[in-house]
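What follows is a single structure, written as structure tokens, with notes after it.
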Amino acid sequence: QWQRRIASTPPTEHLRPPSTLRRHLPPMRLCHCVWAFALAALVPAVRAFGSPLASVAASSLVGRSAMRMALAPTDAVALAPTAFAGAKRALIDTLKEEYASMFSPMRKEFYVSDVAFRDPLIQISGLAKYQDNVDLLGGRNALGKFLFKDASIELHDVAECPDDPLRLTTRWTLQLCMKVLPWQPYARFTGVSQYTLNEQAQVLSQQDYWDSLNLKDGSYATRSPLSALADFAAQLFVNAGPELLPYLLLRRADSYDVRRYAKPPPQRVVAAGGTSGDVASTVIVATLTEGTSTSAVSEAAASLRRLAESDGLVTLPGHWAAFGAAKDEVWVGLKDDARELWPTA
């Protein structure tokens, strides 16, 4: 059913590659061959998840039942406060290790046997399926080796909820290469994972959100799996490997990126308003679509500033225009020296 649905759905405008990116693609018929091959390559990945993705698209009842099962109280005895704090600290340390190693190994003793996982594309229940999912993305099982390479997760933060000791939130950047496609594009996602724990500090459930899909006005909301698939597929037309990113991608939102540069940026950057000329190390970036005149850059910067602040970010005065080979951009400085400036609601 999923294959027939993909085959019968024509590409929409937002799925088509931007014209500025078409020159990066190998010479082939974009409107026919590329989309047919790219979507065909996605089908095995979707089918690998099996019925969970079908259940998301067909009915939310299964997902709610799985989540209720994972959140149901267990018969295990609750730990004393001091023991729980120690177990929770061990879990946080374990998550840091798992993210750094792309869950190789996965420390299963920190998860309940019927752990529930949900992200914009899939929802699954059970430790074995959870392990299969991370092994797929990490290229450690047969299908994963066929589809992906260079998968990694950069963990930016692990935050405890002051009002609920049974909650944890991580902020991360995920990258992987779709090596099954001839031009081997890289897909990148930033977002948060919200963990629910039991009274033994084991993971009951994990809910993932993507900044590019779920973030709006500083909070996260669920979207349909078809929207998530569209967001993933749209990235398959950018032929950019990790060596072409001279920055750390902190957020890939729908209309802007947040980048942190450790070195001076390779673009020609010009101070455009209220700055001394020195570029902030962390910047909010959007593409200039209305030209590079002073007024166009200022209007774009004001719009970008309003959008970023509506998502809970704190901006710095001034802005810059950055001129690159592929596109021109407007940059606004971001104040990121405190954790609370990165809301994880």
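The values are calculated or read from the model by the stated rules, or taken from the named source; none is laboratory data. Model, not experiment: these values are computed from the prediction. Quick reminder, even Gly has a Cβ in these numbers, built from the backbone with ideal geometry, and neighbours come from all protein chains shown. Ligands, DNA and RNA are excluded from the accessible area calculation, which covers all protein heavy atoms including side chains. Shrake-Rupley method; radii C 1.70, N 1.55, O 1.52, S 1.80 Å.
GLY218 satisfies every condition listed in (1) open to solvent by 10 Å² or more (accessible area, probe 1.4 Å); (2) under 15 Å from the mean Cα position of the chain (by Cα) except (2). Residues that are free of Cβ contacts under 8 Å to residues at least 60 places away in the same chain and either of a type in the set (Phe, Trp, Tyr) or assigned to a strand (DSSP E or B) (or both) within region 166-193 comprise LEU166, ARG167, LEU174, LEU176, TYR186, ALA187, GLY191, SER193, listed in sequence order. Considered as a group, the residues in region 244-280 that are charged (D, E, K, R) and surrounded by fewer than 15 Cβ atoms within 10 Å (Cβ to Cβ) include one that is modelled with the highest pLDDT, and that residue is ASP254. When you scan region 297-304, do you find a residue that is at pLDDT 90 or above, among the hydrophobic types (A, V, I, L, M, F, W, C), within 27 Å of ASN214 (Cβ to Cβ) and surrounded by fewer than 16 Cβ atoms within 10 Å (Cβ to Cβ), even just one? Yes, region 297-304 contains at least one residue that is at pLDDT 90 or above, among the hydrophobic types (A, V, I, L, M, F, W, C), within 27 Å of ASN214 (Cβ to Cβ) and surrounded by fewer than 16 Cβ atoms within 10 Å (Cβ to Cβ). Are any of the residues in region 197-209 in a helix (DSSP H, G or I) and small (Gly, Ala, Ser)? No, because not a single residue in region 197-209 is in a helix (DSSP H, G or I) and small (Gly, Ala, Ser). The residue pairs whose first member lies in region 128-152 and is surrounded by fewer than 19 Cβ atoms within 10 Å (Cβ to Cβ), whose second member is in a helix (DSSP H, G or I) and of a type in the set (D, E, K, R), and whose beta carbons are closer than 7 Å, counting only pairs six or more residues apart or on different chains, are ASN141/ASP132; ASN141/ASP135. For beta carbons closer than 6 Å, sequence separation of 6+ or different chains, a first residue in region 224-235 that is over 18 Å from ARG118 (Cβ atoms) and a second that is open to solvent by less than 10 Å² (accessible area, probe 1.4 Å), the qualifying pairs are GLN235/ALA187.
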